[in-house]
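**Q** The structure is given below, and queries will be raised subsequently.
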Amino acid sequence: MSKIKLTFPDDSVREFDEGTTVLDVAKSISTSLGKKAVAGKLNDTLIDVERPISQDGKIEIIAGEDDEDSLKVLRNTASLVFGAAASELKKNLHFGEKESNDDGFFVDTDDKDGQISVDELEEISAIMHKIIKNNDKVERVMMDKSELVEMFKDDPYKSSLIGAIESVQIPVYKLDGFVDFGYDAILPSMKSLKHFSLLSVAGAYWQGKSSNPMLQRIYGTAFYKEADLEADAKRRAEIKERDHRTIGRDLDLFFVDPEVGAGLPYWMPNGATIRRVIERYIIDKEVAWGYQHVYTPILMNLNAYKTSGHWEHYREDMFPPMDMGDGEMLELRPMNCPSHIQIYNHHKRSYRELPVRIAELGMMHRYEKSGALTGLQRVREMTLNDGHTFVALDQIQAEFKRTLQLMVEVYKDFDITDYSFRLSYRDPANTEKYFDDDEMWNKSQSMLKGAMDELGLDYYEAEGEAAFYGPKLDVQTKTALGNDETLSTIQLDFMQPEKFQLTYTGSDGEEHRPVMIHRGIVSTMERFIAYLIEMYKGAFPTWLAPTQVRIIPVNQKLHGAYAENLLKELRAKNIRAEIDTRDEKMGYKIRDAQTMKVPYTAVVGDQEMADATVSVRKYGEENSESEVLPMFVGSVVSDINNFSRRNG
């Protein structure tokens, strides 16, 4: 019998008979490993534990319950069992794409007689438990592609998936009369699949294209241990509690209506107030730090984006150009950099002016696919807190550090503490994305790294994450949904000044090329507010809250005038206050103020009128306190001016 050589993770090499399975290899190491093995990795490809091995290669036994690959195999199996159970419930069900990942699994389904509803998940889950209890063996067989084509000829989605497979022989899994394919590895038995949950249903376009039919996507997850499943349920509950889309709806902050434009948010008065406060804050802060704020058009001649390189590198993310009929092609801007370059280039510049700091709340448009749009985090129209500084070569590190100090100061005001620094470098092998200038890249990357080291800040390095024109520092955060997002960025750019022939007159009277530093302190208004909604769980600090004080008169007729006087005093101090004049019980009004997360609820009645006080209840607290009117107004003003910091 022919022999194969397998190399283990410790670099040891052993010979086995050709046709040996992963399970055989695991048992040859130890009996206990044979019992724990759920799959193998051959040359970094996940394979079934009972799959025969017919070639030399690197082998790894997948056995740990907390291992990422082990969980993927478990979730693959849960996905297969879901398919068998759902098919038993709905006889005409078709299946589209599926995926297992570190968050669980999903399966796309379609049924012309009626899609799977969230109410049916419990019933499908019960059928899954029945299949698991029977412990039916999953049978893996190889089938000719032509056989599969015939088997799934009435399922347009399976037929399409089969057609995309190049192999003539395709591995197929059979369970309880259900047949499926497209898995890298499945558990050999059901005994480990006890702790799973079907989570939710959502719409998903077939293969992610909005021009294709809308399928029903079923989400689920699975773990080897019940404790892990329970912990995951708590984590998901926390995510749901923080989801900016849900909070945005409940607090009436914004909405997105696909009927009038997917990915185009409408800001309601409450959300618009938060946005306005942030915009005023960041403009005032940047002006104090030496930035000159400008306004530039959202349209620009397409040639500018061809010169900048955006058309070459980001054409798929830009809206189609508008032909003005006279040879002029206008483009909705995807970036503000060419606009600020025009501001710089409008005057002849001297070394005495540098650094030239230009900033703008610049509206941009990106051609995002419908399937990628998410609340405020992924939109088609956005307003970026953008800035570009033009510096001499010897000013780069000082300006970089200065920009970073501004960023940290802003984070302190917003009480942002959970973030990390990423130095994003080019991938030297990717000459298509990154322009070819080794000297520029090496010099600029070492400058960023040197500045971070000089400041003593912790960071990690990521190759292939740079902008096409230069390296950058990214500030990374986690959204409530667990996605890694860039909140702020500082980027070095030697390329754009060259392409646009930017100059300044040096002290020697000669023309020199400036370096351009791109930076966004608080990202786009959309993404930043989404982040804040989730970070604060909608309970904005007083200085940001849409309504800072809600006044509730016990009796409108008797106490309305006193409430109006209090309102006047608060508004005179630029405090956002309102009176609740609704014909509802006082208890309901107080609960509603808490539900809407208003920082201060001020109740006024007979006693308050007699004593010239207010009964104040802060958000999240059970009890109220009596405060004299001037003291209450002063404490709210102090709270706002202090950015609601607890430590004063």
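**Q** Pull out a ≥ b ≥ c, the square roots of the eigenvalues of the alpha-carbon gyration tensor of segment 189-255, then state rounded if a/c is under 1.5, prolate if not and a/b is larger than b/c, and oblate in the remaining case.
**A** Values: a/c = 4.40, a/b = 1.28, b/c = 3.44.
Oblate is the answer for segment 189-255, as a/c is 1.5 or above yet b/c matches or exceeds a/b.
**Q** By how many nm would the segment from residue 409 to residue 200 grow when fully extended, if each residue of separation counts as 0.36 nm and the alpha-carbon distance is taken off?
**A** 71.2 nm
**Q** Work out the FRET efficiency for residue 141 and residue 30 from their Cβ-Cβ distance, taking R0 = 25 Å, and round it to the nearest 0.05.
**A** With R0 = 25 Å, the Cβ-Cβ based efficiency is 0.25.
**Q** Which semi-axis lengths, in whole Å and largest first, follow from the square roots of five times the eigenvalues of the Cα gyration tensor of segment 542-622?
**A** The equivalent ellipsoid of segment 542-622 has semi-axes of 18, 15, 11 Å.
**Q** With viscosity set to 1.306 mPa s at 10 °C, what whole-number translational diffusion coefficient in µm²/s follows for segment 350-398 from Stokes-Einstein and a Kirkwood radius over Cα pairs?
**A** Details: Rh = 13.5 Å.
Answer, rounded: 118 µm²/s.
**Q** Between residue 626 and residues 5 or more places away or on another chain, which pairs have amide H atoms under 5 Å apart, with H built 1.01 Å from N, and which residues are they?
**A** Here 616 satisfy the definition.
**Q** Rounded, prolate or oblate: which one fits segment 152-203, using the alpha carbon gyration tensor with axes a ≥ b ≥ c (rounded when a/c is under 1.5, else prolate when a/b beats b/c, else oblate)? Intermediate results must be reported in sequence, preceding the final value.
**A** On the way: a/c = 2.26, a/b = 1.39, b/c = 1.62.
In terms of gyration-tensor shape, oblate.
**Q** Can you give the calculated 222 nm mean residue ellipticity of the chain, where each DSSP H run of n ≥ 4 adds -39,500 (n - 2.57) and the sum is split over every residue, rounded to the nearest 500 deg cm²/dmol? Working shown, then result.
**A** Values: 21 runs with 233 residues, N = 648.
Here the helix-only value at 222 nm equals -11000 deg cm²/dmol.
**Q** What does the net charge come to around residue 421 if you take all other residues with beta carbon closer than 15 Å to its beta carbon, with K and R at +1 and D and E at -1? It would help to have the intermediate numbers written out before the result.
**A** Working: positive: 401, 422, 449, 472, 478, 519; negative: 418, 453, 454, 458, 461, 465, 474, 484, 485.
Here the charged neighbours net out to -3.
**Q** Given 0.36 nm per residue, what is the gain on full extension from residue 44 to residue 15 after removing their alpha carbon distance, in nm?
**A** 8.5 nm
**Q** Work through the residues other than residue 215 whose Cβ is under 10 Å from its Cβ and net out their charges, Lys, Arg +1 and Asp, Glu -1.
**A** Cβ neighbours under 10 Å give a net charge of -3.
**Q** Can you pull the three principal axis extents for the Cα set of segment 64-113, in Å, largest first?
**A** Here the spans come out as 41, 17, 10 Å, largest first.
**Q** Just for the chain, what percent of DSSP beta bridges are antiparallel, to the closest 5?
**A** If we restrict to bridges inside the chain, about 85 percent are antiparallel.
**Q** Can you run the Rg to Rh ratio on the chain? Use alpha carbon positions and the Kirkwood inverse-distance Rh.
**A** Ratio of gyration radius to Kirkwood radius for the chain: 1.04.
**Q** Please list, in order along segment 249-254, the HN-Hα scalar couplings obtained from phi with the Karplus expression 6.51 cos²θ - 1.76 cosθ + 1.60 (θ = phi - 60°), rounded to whole Hz, x for Gly and Pro.
**A** Here the 3J(HN,Hα) series is 6, 5, 9, 6, 8, 7 Hz.
**Q** Each residue of segment 491-497 in turn: what ³J(HN,Hα) in whole Hz from Karplus with 6.51, -1.76, 1.60 and θ = phi - 60°, glycine and Pro shown as x?
**A** Result, rounded to whole Hz: 10, 8, 9, 8, 7, 4, x.
**Q** Counting only residues 5 or more places away or on other chains, whose amide H sits under 5 Å from the amide H of residue 105 once H atoms are built in the peptide plane?
**A** Hits under the 5 Å cutoff: 220, 221.
**Q** A follow-up question, please. Pairs to check: 58/174; 5/41; 348/472. Give those whose C-alpha atoms are more than 21 Å from each other in this structure.
**A** 58/174; 348/472
**Q** Considering only DSSP states other than H, G, I, E and B, which GluC sites (Glu not before Pro) in segment 468-568 qualify as loop sites with at most 14 other Cβ atoms within 10 Å?
**A** 510
**Q** How compact and how long is segment 578-641, expressed as Rg and Dmax of its alpha-carbon atoms in Å?
**A** Taking only Cα atoms of segment 578-641, I get Rg and Dmax of 11.9, 34 Å.
**Q** What accessible area per residue, rounded to a whole number of Å², is obtained for the chain using a probe radius of 1.4 Å?
**A** 49 Å²
**Q** Ok, one more. Using only Cα atoms, figure out Rg for segment 482-595 and give it as a multiple of 2.2 N^0.38 Å.
**A** Computed over Cα atoms of segment 482-595, the ratio equals 1.93.
**Q** Which helices, taking whole DSSP H runs in the chain, have alpha carbons extending 27 angstrom or more along the helix axis plus mean Kyte-Doolittle at least 1.0?
**A** none
**Q** Let me ask another. Under a cut-off of 23 Å between alpha-carbon atoms, report the lysines in cross-link reach of residue 369, not counting same-chain residues fewer than 8 places apart.
**A** Filter leaves 98, 209, 306, 433, 478.
**Q** Could you work out the per residue convex hull volume over the alpha carbons of segment 362-431, in cubic angstrom?
**A** It is 190 Å³ per residue.
**Q** Given contacts defined as C-alpha pairs under 8 Å and at least six residues apart, what's the relative contact order of segment 1-129, whole-number percent?
**A** Value for segment 1-129: 18 percent.
**Q** Take the Cα atoms of segment 35-159, find their three principal axes, and give me the spread along each one in whole Å, biggest first.
**A** Taking max minus min along each principal axis of the Cα atoms, segment 35-159 gives 49, 35, 27 Å.
**Q** In addition: After finding the eigenvalues of the alpha carbon gyration tensor for segment 521-560, what semi-axes result from the square roots of 5 times each, listed largest first in whole Å?
**A** Output for segment 521-560: semi-axes of 34, 9, 7 Å.
**Q** Report the net charge of residues surrounding residue 584, where surrounding means a beta-carbon distance below 12 angstrom and charges are Lys +1, Arg +1, Asp -1, Glu -1.
**A** In short, +1.
**Q** Percent of Cα-Cα pairs per 10 Å bin, from 0 to the last occupied bin, for segment 139-266, please list those.
**A** Final binned percentages: 9, 25, 29, 22, 13, 1.
**Q** Provide the convex hull volume over Cα atoms per residue for segment 98-188, in Å³.
**A** Dividing the Cα hull volume of segment 98-188 by its residues yields 129 Å³.
**Q** Relative contact order for the chain: what is it in percent, counting Cα pairs under 8 Å that are at least 6 residues apart?
**A** Computed over the chain, the figure is 9 percent.
**Q** Among the trypsin sites (Lys or Arg not before Pro) within segment 218-255, which fall in a DSSP loop and have no more than 14 other Cβ atoms within 10 Å of their own Cβ?
**A** Values: sites: 225, 234, 235, 236, 240, 242, 245, 249; in loops: 225.
Counting only loop positions with at most 14 other Cβ atoms within 10 Å, the trypsin sites (Lys or Arg not before Pro) in segment 218-255 are 225.
**Q** In the chain, what percent of the accessible surface is made up of carbon and sulfur (1.4 Å probe, ligands and nucleic acids excluded)?
**A** Carbon and sulfur together cover 47 percent of it.
The values are calculated or read from the model by the stated rules, or taken from the named source; none is laboratory data. Since we're looking at a predicted model, the values are computed, not measured. Backbone-built Cβ (ideal geometry, glycine too); neighbour counts: all protein chains shown. These accessible areas exclude ligands, DNA and RNA; they are computed on the full protein's heavy atoms, side chains included. Shrake-Rupley method; radii C 1.70, N 1.55, O 1.52, S 1.80 Å.
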